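Colleague: Before I ask anything, let me first share the structure, which is written out below as structure tokens.
Read-outs throughout are calculated quantities, based only on the coordinates presented, and are distinct from any laboratory measurement. Keep in mind it's a predicted model, so treat the numbers as computed, not measured. Here the Cβ positions follow ideal geometry from the backbone for every residue, glycine too, while neighbour counts run over all protein chains shown.
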Amino acid sequence: GLAAMHTGRHDVADDYLRRRMDLRRQMGGGMHPYAVFDYVVLAKNLVMDGRFADADLVLDKAPHVESLRGGEEGLDPDRYNRQVRWERAEVRLRSGQPAEALTILKDSSPAGADQFAAEADWTNFGDYDGLLGETLCAAGNHNDGLVVLRKALALSERQDPNAPWLARLRAVTGLCALGAGERVAALRYASLS
């Protein structure tokens, strides 16, 4: 499903991702915290296919994690719920509603609304800083967005310098730099992407 999604075969990806979700439910894990990612990835595929309303419907059905037991004790159960909120912010961003996306990100920051721009939470399906930075830029706040995107880019390059998704993050950072009036930096990021 992920391979199909990343190669633009969204109808094929949708089928596989829904089967995965159904199999998890059949095994009794439909409310497990990891099931949240089934919904997030399915919604991401729908967003990539331009089906924003369908993505919202999928996110509406995602499990809400109240507490964690066993090996997950001591960890913040809301980290799973944040993934749903962050994907909902991405739905808003991609559908041309950056102000709404920004509100969702501020309200769902693990650091709290007062320090939301300083927060980074890396997951398998994206990162808070990258999404936040892109959203700030899309909302017209290029200078703050660029600060956050550069932070996300520096961390990403240290963690996985050869990741193919770095190209997109560099391109987004370049576009934000251009919006902030940093033409030389924009060209550098464009060249790197």
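Colleague: Could you run through the stretch 22-54 and say how many residues are assigned to a helix (DSSP H, G or I) and farther than 16 Å from residue 83 by Cβ? It would help to see each step written out before you state the result.
Modeller: Quick first cut of the stretch 22-54, residues assigned to a helix (DSSP H, G or I) only: 22-26, 35-48, 52-54.
Still in the running and farther than 16 Å from residue 83 by Cβ: 22-23, 25-26, 48, 52-54.
Total meeting the criteria: 8.
Colleague: Select from the stretch 1-49 the residues that are among the acidic types (Asp, Glu), loosely packed, with under 13 Cβ neighbours inside 10 Å and closer than 20 Å to residue 78 by Cα and list them in ascending order.
Modeller: None; the set is empty.
Colleague: Here is a follow-up. Among the residues of the stretch 1-58, what is the count of those that are polar (S, T, N, Q) and free of Cβ contacts under 8 Å to residues at least 40 places away in the same chain? Even if it seems obvious, please write down each step before you answer.
Modeller: The first filter runs over the stretch 1-58 and keeps only residues polar (S, T, N, Q), leaving 7, 26, 45.
Add one more test, that the residue is free of Cβ contacts under 8 Å to residues at least 40 places away in the same chain, and what stays is 7, 26.
Number satisfying all stated conditions: 2.
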